[in-house]
Amino acid sequence: MSADRPHVGVLALQGDVREHARLLGDLGAEVSLIRRPVELAAVDGLVIPGGESSVIDKLARAFGMHEPIRDAIASGMPVYGTCAGMILLADRIVDGIEGQQTFGGIDVTVRRNAFGSQVDSFETDLDVPDLGAPPVHAVFIRAPVVEEAGESVEPLARLDDGRAVAVRQGSLMATAFHPEVTGEHRFHAAFLDMVRAA
Ligand code: GLN
């Protein structure tokens, strides 16, 4: 990796892979789509996109990616997950489908589809002190929420009711919403800083 041009991957099993790849490329990263362990081994950071966490979980196991991703997380590779990606980075989930697994790494309990069928999707402005002004315009699509977090988890943003919707723990970061669909680039820029620092 050259210091100014980090090489990062987007897990490309299912979900909004292109949006992440385009944004990371616009920010100057070299971007690879990741489907196989050998491809994962070649990058210095990974984005897990939004999509359907149970499908990404099943495909990751079918493609032999579950253990390699767990190992990469354990070895300190920076990973950023949005929405389904947040679910996949959670140590514990509520309302997963039967047998659903996660890669884990962030000491949180995350509830899938936390806003129910009545409020499937919504948008709101979130204050994210780490990112400064202006607030983040956040789009939630059948989004998860953090129900409980361990002491080493840093909440980056909360809803008005106090529940965390963006968290960081060491080299792992997750948002319940989708910056990649609104042109919000600051989370991805922060992720690339984490990759450069790793
Ligand atoms: N509800 C989806 C899941 O369970 C996540 C939705 C999303 O990524 N936009 O994975």
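Obtain the nm distance between the two label points defined at residue 30 and residue 133 by a simple spin-label model: each point lies 7 Å from its Cα along the Cα-to-C-beta direction. Modelled inter-label distance: 3.9 nm. Summarising the amide proton neighbourhood of residue 44: residues at separation of 5 or more, or on other chains, whose placed amide H is nearer than 5 Å comprise 7, 8, 9. Taking a ≥ b ≥ c as the square roots of the eigenvalues of the Cα gyration tensor, the range 66-198 is oblate, since a/c reaches 1.5 or more and a/b is not larger than b/c. Placing unit charges on the Cβ atoms only, positive for Lys and Arg and negative for Asp and Glu, gives the range 1-60 a dipole magnitude near 180 debye about its Cα centre. The magnitude of the dipole of the range 90-198, with charges of +1 and -1 set on the Cβ of Lys/Arg and Asp/Glu and taken from the Cα centre, is near 220 debye.
From its DSSP helices (H runs of at least four residues, each -39,500 (n - 2.57)), the chain gives a residue-normalised ellipticity at 222 nm of -7000 deg cm²/dmol.
Summary of the geometry: the range 96-127 and the range 130-164, compared by the centres of their Cα atoms, lie 11 Å apart.
Summing charges over all other residues whose Cβ lies under 14 Å from the Cβ of residue 75, with Lys and Arg as +1 and Asp and Glu as -1, gives -2.
Specify whether the C-alpha gyration tensor of the range 1-159 places it in the rounded, prolate or oblate class, a ≥ b ≥ c being the square roots of the eigenvalues: rounded for a/c under 1.5, otherwise prolate if a/b is larger than b/c and oblate if not. Oblate shape, in that a/c is at least 1.5 and b/c is the bigger or equal ratio.
Computed over neighbours whose Cβ is under 10 Å from that of residue 50, the net charge equals -3, Lys and Arg +1, Asp and Glu -1. For the range 15-138, the antiparallel share of DSSP beta bridges with both residues in that region comes to about 30%. For a paramagnetic label modelled on residue 63 (point 7 Å from Cα along Cα→Cβ), amide N atoms under 17 Å away are absent within the range 152-196.
Coordinate-derived values only; no laboratory data. For clarity, every value in this text was computed on a predicted model and none was experimentally measured. All Cβ positions, even for glycine, are placed from backbone atoms using ideal geometry, and neighbour counts span all protein chains on display.
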